Amino acid sequence: MPRVVFFTNLAPELAQQVVSPAPSDWDVSIQAHDLPEAEKSGLASEADFLILFPSALEETVLRAAPGLKLVQLVSAGFDRMPLGVLAELGIPLANNGGTNSIDVAEHTFALILSVYRRLTEMDRNVRNDGWTEIDSGMTTFTVHGKTVGIVGLGHIGREVAKRLVPFEADVVYFDPFPAGEEVERRLRVKRVSLDELLEMSDIVSLHVPLNDQTRHLIGAAELARMKSSAILINTCRGPVVDEAALIEALDGGGILGAGLDVLQEEPTDPANPILRFENVIFSPHIAGVTYDTWQRRGRFIFENLRRVWAGQEPLSGIPL
C-alpha cells in the first residue's frame, strides 16, 4: 500500500479536496507544512510519495526519506525546491502539469481589463465621492483589435491565447521552443523574437518559469522597446521583471501601466515605491488560486502518483 504524506498550509477543507481523488486503499496523511524538521523527517522516512503546498522542502527531510519515489508539487513553480539534492538522491520532482493554468489565464484577463478600464480607480471614486467620472473617453481602452504579446507559450500562455480569440486581438508569442504549426494555427498565434514582440505589442503578458535564463528577462532595455501606450502583465514570478527598471519606466512614462500578481520580494515592503503608481494594479500572488482549482489539481496529482507506483515516468517531471 503506497504511503503518501501531504505537507501543506491549506485550510483543512481545501487540503481534503486535493487528496479526495486518492485511491481508497492508499495511506494518505495530511500534515502541517511548518512542522519542525525532525517531525517532518520522521513522517517522510516511511513515505513513498510527498505532496507539497507550498513548494518548498528542507534538504534534511529529503535525506531522511530513502524510499521516496516522487515529490509532487501542487503548484507550478519549483524555484524554492532543492533541485541539486533531489538530483543527487535520484528523487524525481513533478509540478502540477498546468492544472492551475485556467485560473491564471482568467486572472491575467482580470488584470488586463482592470488596467485598461481603470476599474479600481472607478470603484474608489464611486464609493468615496458619490459618482465621480474619469476621462474614460481618453484614458480607457479595449482589447479588441490590439496586439497581445505572450512571453512563454506553455500551459498558461496557451490558455491566455485561447481566450484572446473572442476578443479579436492579434496575438504573437515568444518562446525558445516553437509551438508547432498545428498549435499556432489553432490558437491563431505567430511566433516572433522577444524584441519584435516588445516593439509591436500593446499588451505584454509574461508566462515563464523563473530560472537563470528568465531572471530579469524584462529589464531596462526590454522596457525601452515597448510602446509608451503598452501595458505589462506579470502573473508568473516577480524576478522575471527588473523591478527597479519597471519603476523607472513607469516614472518616465515609458509604458502606460502594469498589472502585477507578483513582485520581486513577497510580501513586499509597504514603502516599495512601485506601490505609489495609480496605473498599476496589484494582487498578492494568487492568480492560480481559486476554490475550483483544488480538485482539478488533485486529480492530476493522483493520476501521476499511480503512474509512478506502476513503474512509469511521472507526467510534468522537472529536469534535475
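The values are calculated or read from the model by the stated rules, or taken from the named source; none is laboratory data. Quick caveat, the model's predicted, so the values are computed rather than measured. Backbone-built Cβ (ideal geometry, glycine too); neighbour counts: all protein chains shown.
In the set (1) in contact with a Lys or Arg (Cβ under 6 Å, 6 or more places away or on another chain); (2) of a type in the set (A, V, I, L, M); (3) modelled with pLDDT under 95, the condition left unmet by VAL308 is number (3). Contact annotation: residue pairs with Cβ atoms under 8 Å, 6 or more positions apart or on different chains, pairing a residue in region 122-135 that is among the polar types (S, T, N, Q) with a partner that is at pLDDT 85 or above, are THR132/ASN125; THR132/VAL126.
Taking GLU88 as the residue in question, decide whether it is surrounded by fewer than 18 Cβ atoms within 10 Å (Cβ to Cβ) and either closer than 30 Å to THR142 by Cβ or touching a strand residue (DSSP E or B) at 6+ places or on another chain (Cβ under 6 Å) (or both). First the steps, then the outcome.
Values: surrounded by fewer than 18 Cβ atoms within 10 Å (Cβ to Cβ): yes; either closer than 30 Å to THR142 by Cβ or touching a strand residue (DSSP E or B) at 6+ places or on another chain (Cβ under 6 Å) (or both): no.
No.
Just one of the listed residues (LEU246, LEU194) is surrounded by fewer than 22 Cβ atoms within 10 Å (Cβ to Cβ), under 27 Å from ARG80 (Cα atoms) and over 16 Å from the mean Cα position of the chain (by Cα), namely LEU194.
For beta carbons closer than 6 Å, sequence separation of 6+ or different chains, a first residue in region 206-225 that is in a loop (DSSP other than H, G, I, E, B) and a second that is basic (Lys, Arg), the qualifying pairs are LEU210/ARG237. Here is a check on your reading of the model: is SER228 surrounded by fewer than 15 Cβ atoms within 10 Å (Cβ to Cβ), in contact (Cβ under 8 Å) with a residue 12 or more places away in the chain and among the small types (Gly, Ala, Ser)? Considered against the rule, which asks whether it is surrounded by fewer than 15 Cβ atoms within 10 Å (Cβ to Cβ), in contact (Cβ under 8 Å) with a residue 12 or more places away in the chain and among the small types (Gly, Ala, Ser), SER228 comes out as yes. Quick check, is LEU111 touching a strand residue (DSSP E or B) at 6+ places or on another chain (Cβ under 7 Å), within 23 Å of GLU265 (Cα to Cα), part of a loop (DSSP other than H, G, I, E, B) and among the aliphatic types (A, V, I, L, M)? When the stated conditions are applied, LEU111 does not pass them.
Just one of ILE30, ILE51, ILE102 is aliphatic (A, V, I, L, M), over 22 Å from the mean Cα position of the chain (by Cα) and either within 30 Å of ASP202 (Cβ to Cβ) or not assigned by TED's automatic domain parsing to the domain that holds VAL240 (or both); which is it? Steps first, answer last, please.
Details: ILE51 fails: over 22 Å from the mean Cα position of the chain (by Cα); ILE102 fails: over 22 Å from the mean Cα position of the chain (by Cα).
After applying the criteria, what remains is ILE30.
Take SER20 and decide whether it is free of Cβ contacts under 8 Å to residues at least 24 places away in the same chain, in contact with a Gly (Cβ under 9 Å, 6 or more places away or on another chain), over 27 Å from VAL240 (Cβ atoms) and surrounded by fewer than 21 Cβ atoms within 10 Å (Cβ to Cβ). So SER20 does not fit the description; no.
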